[in-house]
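Asker: I have a structure here, written as structure tokens, and I will follow up with some questions on it.
The values are calculated or read from the model by the stated rules, or taken from the named source; none is laboratory data. Nothing here was measured: the structure is a model prediction, and the numbers come from that model. Virtual Cβ from ideal backbone geometry, glycine too; neighbours counted across all protein chains shown. Just so you know, the surface numbers come from the protein's heavy atoms only, side chains and all, with ligands and any DNA or RNA stripped out. Shrake-Rupley method; radii C 1.70, N 1.55, O 1.52, S 1.80 Å.
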Amino acid sequence: GWQASMKSGSLSYILPCNRLPVQLISQVRVYTSNGQKKDLGSEDTNGSTSEETPNKAGTGQDMSNAGQKQSFIKEPIQVKVKAVLKKREYGPKYTQNNFITGVRAINEFCLKSSDLDQLRKIKRRSPHDDTETFTVYLRSDVEAKSLEVWGSPEALARERKRRKEAEIKYRENLFRNQRLLWEYKEFFGNTKPRSSAAAMFFKGPGKVVMVAICINGLNFFFKLLAWIYTGSASMFSEAIHSLADTCNQALLALGISQSARTPDPSHPYGFTNMRYIASLISGVGIFMMGAGLSWYHGIIGLLQPHPIESLLWAYCILAGSLVSEGATLLVAINEIRRSARAKGLSFYQYVVQSRDPSTNVVLLEDAAAVLSVAVAATCMGLTSLTGNPYYDSVGSLGVGTLLGTVSAFLIYTNTEALLGRSIQPEQLQRLTELLESDPVVRAIHDVKATDMGMSKVRFKAEVDFDGRVVTRSYLEKQDIEQLLQEIQQVKTLEELEAFMLKHGENIIDTLGAEVDRLEKDLK
């Protein structure tokens with residue numbers, strides 16, 4: 001009830017009022033993870049006030065108010081009790097539930113493989129593509145075992161320090177410990193079998209490079225003899241051109257052999273970019289040695305012309321060079337066509353995108369060699385017909401310009417590859433559509449795809465997953481009847497917590513499996 005008095009002029013309105021005694025009981029219970037409950041407190045409030053009503057209020061009205069008072073006291077107050085799971089404090093560093101591999105357990109905790117046989121083995125989803133599951137151990141079990149073996153944390157720390165010093169000493173004396181190195185490799189094993197460096201030069205780009213080295217080496221020898229015999233500036237440019245090609249292709253062979261090296265701790269992603277580095281240096285070498293010396297000799301020929309001897313032998317050597325360079329060019333063209341067909345690209349796209357830098361260098365060098373032979377033969381023929389040595393010097397400048405153009409193209413394409421350019425827009429669109437069309441993906445954001453070279457692409461995207469689809473994917477692999485029985489058997493908070501933790505972890509593993517599936521589809 002309530003009472004209010006309002007006065008307006010001489011009028012006064014008085015409403016009846018009842019001050020009823022009210023008892024309010026509120027109680028909050030907090031449940032911990034072990035099922036205990038705590039009463040945080042209760043509050044009882046009793047209040048009763050009585051106030052005389054004016055004589056103008058009738059007696060019948062007072063009796064009805066008293067009846068309402070008695071009925072209100074009899075009604076109980078409904079209080080909703082909220083159960084709250086007590087928050088567990090893990091602290092800044094919590095590693096009790098962490099998993100650890102056998103190799104890390106041996107290296108970091110100074111254990112032997114026989115020590116791990118006594119520990120619990122857990123099968124987990126493998127992060128590697130070549131295996132589905134692998135064995136891990138609980139970090140807490142490994143730590144306890146290491147303390148059992150070494151006695152105390154101080155003794156374990158001393159052993160770690162001793163092994164670290166031994167590792168540093170071993171690295172300093174690496175060449176004297178080759179046998180021990182092979183024993184370690186045999187013990188840890190390799191994730192993927194790698195072909196030897198020698199086998200790489202009998203197929204693919206290695207074969208193209210080796211053929212080019214042999215042919216260009218012979219061409220340099222015979223062209224050098226022809227220049228010594230004739231004194232032709234164009235023939236000198238051709239000899240320098242063949243020498244530059246031989247040196248650059250030897251550099252490419254070194255890059256191919258280095259790119260096959262096994263990744264080490266200092267270079268965890270391997271040495272595949274060595275092919276691009278070797279091709280870049282090769283382009284610079286062509287520019288400085290080939291183009292530079294050809295321009296220099298052509299300018300000297302223009303400034304200080306001198307008569308040229310018989311060019312018969314020069315023509316013969318140029319003809320042989322044209323045949324040999326043409327054969328190498330055909331080998332490079334066939335290799336690029338085969339590789340481009342395998343990648344689903346055109347010949348032009350494969351060359352411009354620098355998919356295989358070693359083969360591209362051989363292709364462009366041999367194409368330039370064939371053209372330069374034609375330029376040199378034309379200029380030498382004009383010199384023979386007219387007796388004017390300036391045509392020969394102009395031919396040397398033309399060969400130098402051709403080499404400069406090839407070197408500029410090689411420098412540009414290999415620099416772009418080393419910087420990490422984006423993949424083609426249509427390829428990025430295909431990857432984006434593949435992700436967005438998957439039921440488990442709601443949306444993707446901030447998509448980046450970089451061409452790392454040698455048929456490797458680094459793809460990155462922020463993915464918003466659909467939790468309902470992931471959960472349904474997990475439930476489809478479960479026995480629903482058995483799962484329903486487990487739910488019906490849950491009676492206490494402890495059983496509820498165990499049920500949720502068990503299936504929650506399995507759902508997270510299902511999400512990891514979905515991520516692996518998406519990565520496989522993208523590849």
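Asker: Restricted to Cα positions, what overall size does region 425-522 have along the principal axes? Three whole-Å values, descending.
Answerer: 57, 22, 20
Asker: Where the accessible area of region 199-419 is counted over protein heavy atoms with a 1.4 Å probe, how much of it, in %, is carbon and sulfur?
Answerer: Carbon-and-sulfur percentage of accessible area, whole number: 72.
Asker: Compute the relative contact order of region 381-523 as a whole-number percentage, counting only Cα pairs closer than 8 Å that sit 6 or more residues apart in sequence.
Answerer: Relative contact order, region 381-523: 16 percent.
Asker: I'd like the accessible area for residue 284, computed on protein heavy atoms only with a 1.4 Å probe and all protein chains in place. Round to 10 Å², please.
Answerer: Counting only protein heavy atoms, residue 284 exposes about 60 Å² to solvent.
Asker: Hey, another quick one. Let me make sure I get this right: for region 199-419, a, b and c are the square roots of the gyration tensor eigenvalues over alpha carbons, sorted descending. Under 1.5 in a/c it's rounded, otherwise prolate if a/b > b/c, else oblate. Which is it?
Answerer: Verdict is prolate for region 199-419.
Asker: Report ³J(HN,Hα) in whole Hz for each residue of region 266-274, in order, from the Karplus equation J = 6.51 cos²θ - 1.76 cosθ + 1.60 where θ = phi - 60°; Gly and Pro get x.
Answerer: Going residue by residue, I get 6, 10, x, 9, x, 10, 5, 6, 4 Hz, with x marking Gly and Pro.
Asker: I'd like to check one number: the per residue accessible area of region 199-419, probe 1.4 Å, reported in Å² as a whole number.
Answerer: Dividing the accessible area of region 199-419 by its residue count gives 45 Å².
Asker: Count neighbours as other Cβ atoms within 10 Å of each site's Cβ, and list the chymotrypsin sites (Phe, Trp or Tyr not before Pro) in region 350-418 that are DSSP loop with at most 11 such neighbours.
Answerer: none
Asker: For region 92-149, what is the accessible area per residue in Å² when the probe is 1.4 Å?
Answerer: Per residue, region 92-149 has an accessible area of 66 Å².
Asker: Run through every distinct alpha carbon pair of region 406-459 and return the Kirkwood hydrodynamic radius in angstroms, one decimal place.
Answerer: About 12.8 Å for region 406-459.
Asker: Could you work out what % of the accessible surface of region 425-522 is carbon and sulfur, using a 1.4 angstrom probe and leaving DNA, RNA and ligands out of the count?
Answerer: 54 percent
Asker: Using the Karplus curve 6.51 cos²θ - 1.76 cosθ + 1.60 with θ = phi - 60°, work out ³J(HN,Hα) for each residue of region 324-337 in order, rounded to whole Hz, and write x for Gly and Pro.
Answerer: Taking θ as phi minus 60°, the curve returns 5, 5, x, 5, 5, 4, 5, 4, 5, 5, 5, 5, 5, 4 Hz for region 324-337.
Asker: Here is a further query. Solvent-accessible area of residue 312, probe 1.4 Å, all protein chains present, reported in Å² to the nearest ten, please.
Answerer: Using a 1.4 Å probe on the heavy atoms, I get roughly 110 Å².
Asker: Next up: Which far-off residues, 5 or more places away or on another chain, put their amide H under 5 Å from the one on residue 441, with H placed in the peptide plane?
Answerer: Under 5 Å from the amide H of residue 441 lie the amide H atoms of 466, each far enough along the sequence or on another chain.
Asker: Taking only protein heavy atoms into account and a 1.4 Å probe, give the accessible area per residue of region 425-522 in Å².
Answerer: On a per-residue basis, 69 Å².
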